[in-house]
Amino acid sequence: MGPILEVQGVSKSFGGVEALKDVTLKVEEGSVTGLIGPNGSGKTTLFNVIAGFYQPDSGRVLFEGRRIDGLNPDEVYNMGLARTFQNPRPFSSMTTLENLMLSPRGQIGESLAKAPLRRLWSGEEFKIAKNIKDFMSRVGIADLYKMRVSDLSGGHIKMVETSKGILGGARLILLDEPAAGLQYAVGRGVFEYINSLRKSLNLTFFVIEHRIDLLFDFADYIYVLHMGRLLSEGKPKEVASDPEVIRAYIGG
Amino acid sequence: MFDVVSFLISWLTLFGIYAILALCLNMETGYTGMANFGLVAFFGIGAFMTGYLSISSFLSYFGYNYPIYSLDAVIAMGRVSDKNPILNIGVFFLSLTFSFLVSGSVGYLVSYPTLRVGPAFLGITILSFGEMTRVFMRHFQPTGGAYGLLGVPNPFAWVQQPTLKGLLFLLLTFAILAAAFVYFEVLSNSPYGRVLRSIREDEVSSLCIGKSVPAVKAKLLFVASGMSGVAGSLLAFYLGSVSPDMFGTAVTFEVWSMVILGGRGNHVGALLGALVFSLLGRASSAFNFLFPGLAIDPNYVRWMLMGAVIVIILMYRPKGILVEKPVRTEAWRVFEGEEGRMVFHRKIGGVIKKALWWLMGREVR
């Protein structure tokens with residue numbers, strides 16, 4: 001399978017700070033690709049460029065062969081590329097069900113003109129809800145539908161966040177530290193969940209993670225960013241034994 | 001002698017007008033999280049639009065050639081406003097439509113540049129726009145400058161009995177209020193309402209799941225500002241006059257307090273807030289009339305009471321009296337099954353109720 005996402009020579013600077021310098025990488029379709037690097041190495045900036053929050057100063061971003069740099073975040077999502085945030089940003093005072101119902105793309109009832117006429121959208125709404133119910137019971141969170149997201153546990157919130165992209169029909173999901181702040185076993189649960197989804201739904205994940213022990217167990221390929229540059233890449237084992245990576249992390 | 005009937009009619013009419021404003025603000029602030037501090041601008045634009053349109057159409061229909069703000073025009077309006085009932089009603093609906101369109105478009109244009117940045121920018125922009133509009137109208141001669149316009153023809157001016165006239169206007173106001181309530185209730189209980197609430201919760205997150213936030217906000221502002229304009233139009237017809245100083249910033253904050261009291265994100269709450277605060281307003285005038293020579297004018301006590309109510313509400317019930325409910329669409333039926341729904345229907349012998357719920361776009365539970 002070919003690459004689903006290609007980042008070609010992307011640079012981005014803020015004022016005088018060069019956050020990304022000529023970064024080129026590829027994410028293969030159907031893989032879990034990891035992105036690691038010390039704090040401030042530009043990982044999240046790269047995600048922001050891919051997801052449409054920032055325009056790159058130079059370089060191109062291709063998703064399924066089409067250019068997506070310069071598009072707005074909502075347009076990028078509607079092409080099938082979803083992202084999550086380092087600190088989860090769910091719609092806290094809404095229920096889990098409402099959070100998930102929001103993600104399917106292009107709902108008829110979401111237009112101002114058509115919303116007052118229930119007959120136009122109630123059928124579609126019913127179908128989406130059935131889908132979501134199936135999905136939720138498969139993942140094991142079906143009985144949480146009524147709860148406000150602010151009342152859920154950290155692990156469940158991360159699951160809901162990841163599920164949003166999947167229910168929106170995304171083919172590539174950018175995860176920003178899915179296991180951050182979670183206890184080891186729960187973090188592992190999140191990764192197992194990601195892995196099972198990848199297999200059953202043929203999704204691709206591009207993951208930033210500081211918990212290298214977890215990431216290396218599940219990722220197929222790893223990129224290492226350091227000071228905005230790509231320092232190393234390869235299979236987890238190769239990267240783990242790369243002396244440059246070790247120096248960057250330990251600070252030699 | 002204190003006339004209870006006319007007190008009730010005037011209170012409820014003002015309640016109707018303010019309730020429409022509160023519903024609009026509830027859509028903008030309670031659901032979408034846009035801080036609209038300049039609601040009064042659209043209210044005022046609607047009122048002036050109405051004054052200008054109705055008086056000039058009457059004068060030209062009856063062949064007078066006075067400027068609309070002149071004393072001659074006021075006298076002429078007094079003579080002709082009850083001559084032709086069809087004209088009265090026609091001008092009423094025409095003015096309402098134009099007020100909606102003009103206020104809506106202005107709301108859209110004013111807010112468009114600020115929609116991509118945070119809510120504070122929108123709030124400040126609209127706040128200053130409201131004040132600008134008031135000052136502009138004070139010095140704009142074609143609508144009478146600081147004196148404003150007198151002699152706006154009541155749609156029921158041809159009814160001789162004053163109580164009946166007031167009652168008819170009250171019914172008309174309530175009909176428009178009911179339409180606005182049902183419309184907003186349906187909107188906020190649809191997938192569209194869900195999008196609005198997601199924007200309030202987290203704009204960036206909403207953008208990240210493919211909602212084009214600026215466009216959604218701009219369209220909502222068109223509708224809500226337009227409805228505020230309709231409320232302004234009703235006020236002009238009710239009072240029979242418009243003047244710039246009726247539309248100071250205080251009006252905006254009175255409507256804000258209604259929404260805070262009733263509960264953000266709950267339309268019934270907005271109505272409740274409007275009921276309480278319009279009663280406070282009318283009752284203070286009545287007090288002034290009943291007990292002349294008080295040490296302090298009740299009209300000012302009212303503002304103090306308003307402040308006290310807000311402080312108490314924010315301390316003990318920060319979400320308002322009536323708390324927001326989750327959006328109920330078909331989705332709930334999938335999760336909760338059909339049985340409860342059928343029993344409920346049989347119990348109330350439901351045809352009428354079901355029709356009502358259907359109209360409101362809510363899932364029956």
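The values are calculated or read from the model by the stated rules, or taken from the named source; none is laboratory data. Note that the structure is predicted; figures quoted are calculated from it, not measured. Cβ: placed from backbone, ideal geometry, glycine included. Neighbour counts: every protein chain shown.
Among the residues of segment B:169-214, how many are outside any helix (DSSP H, G or I) and hydrophobic (A, V, I, L, M, F, W, C)? Full working, then the answer.
Start the filter on segment B:169-214 by keeping residues that are outside any helix (DSSP H, G or I), which leaves B:189-190, B:202, B:209-212.
Add one more test, that the residue is hydrophobic (A, V, I, L, M, F, W, C), and what stays is B:209.
Matching residues across segment B:169-214 total 1.
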All positions within segment B:136-156 that are assigned to a loop (DSSP other than H, G, I, E, B) and buried (at least 16 other Cβ atoms within 10 Å of the Cβ): B:G144, B:G148, B:G151, B:V152, B:P153, B:N154, B:P155, B:F156
Considering segment B:304-330, residues that are touching a residue at least 12 places away in the same chain (Cβ under 8 Å) and outside any loop (DSSP other than H, G, I, E, B), and then whichever is nearest to A:R118 (Cα to Cα), we arrive at B:E330
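Looking at segment A:79-91, is at least one residue in a loop (DSSP other than H, G, I, E, B), closer than 20 Å to A:I166 by Cα, modelled with pLDDT under 85 and in contact with a helix residue (DSSP H, G or I) (Cβ under 9 Å, 6 or more places away or on another chain)? Before you say what the answer is, go through the steps one by one.
Filtering segment A:79-91 for residues in a loop (DSSP other than H, G, I, E, B) gives A:80, A:84-91.
Next, from what is left, pick out any that are closer than 20 Å to A:I166 by Cα: A:80, A:84-91.
So of that shortlist, the ones also modelled with pLDDT under 85 come out as A:86-88.
In the following step, the residues that additionally are in contact with a helix residue (DSSP H, G or I) (Cβ under 9 Å, 6 or more places away or on another chain) were identified as A:86, A:88.
Looking through segment A:79-91, at least one residue is in a loop (DSSP other than H, G, I, E, B), closer than 20 Å to A:I166 by Cα, modelled with pLDDT under 85 and in contact with a helix residue (DSSP H, G or I) (Cβ under 9 Å, 6 or more places away or on another chain).
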Would you mind telling me which numbered condition in (1) at the interface with chain A (Cβ under 7 Å from one of its Cβ atoms); (2) under 22 Å from B:S111 (Cα atoms) B:K217 fails? (1)
Cross-chain or 6+ apart pairs with Cβ under 6 Å, segment A:33-47 first and on the phi < 0 side of the Ramachandran plot, then surrounded by fewer than 21 Cβ atoms within 10 Å (Cβ to Cβ) and at pLDDT 90 or above: A:T33/A:Y221
Only listed residue being in contact with a Gly (Cβ under 8 Å, 6 or more places away or on another chain) and either modelled with pLDDT of 75 or more or of a type outside the set (S, T, N, Q) (or both), chosen from B:L322, B:L356, B:L290: B:L322
A:L71 - would you say it is buried (at least 19 other Cβ atoms within 10 Å of the Cβ) and either touching a residue at least 40 places away in the same chain (Cβ under 8 Å) or more than 14 Å from chain B (Cβ to nearest Cβ) (or both)? no
What single numbered condition from (1) under 29 Å from the mean Cα position of the chain (by Cα); (2) surrounded by 14 or more Cβ atoms within 10 Å (Cβ to Cβ); (3) among the hydrophobic types (A, V, I, L, M, F, W, C) fails to hold for B:V80? (1)
Note: among A:E98, A:E18, A:E6, just one is modelled with pLDDT of 90 or more and either of a type in the set (D, E, K, R) or surrounded by 17 or more Cβ atoms within 10 Å (Cβ to Cβ) (or both), namely A:E6
Residues that are buried (at least 20 other Cβ atoms within 10 Å of the Cβ) and either touching a residue at least 12 places away in the same chain (Cβ under 8 Å) or out of contact with any Phe, Trp or Tyr (no Cβ under 8 Å at 6 or more places or on another chain) (or both): find the helices (runs of 4 or more DSSP H) completely inside segment A:187-252 holding 2 or more of those. A:212-218, A:243-250
How many residues are more than 7 Å from every other protein chain (Cβ to nearest Cβ) and surrounded by fewer than 24 Cβ atoms within 10 Å (Cβ to Cβ) when one looks only at segment B:202-212? 1
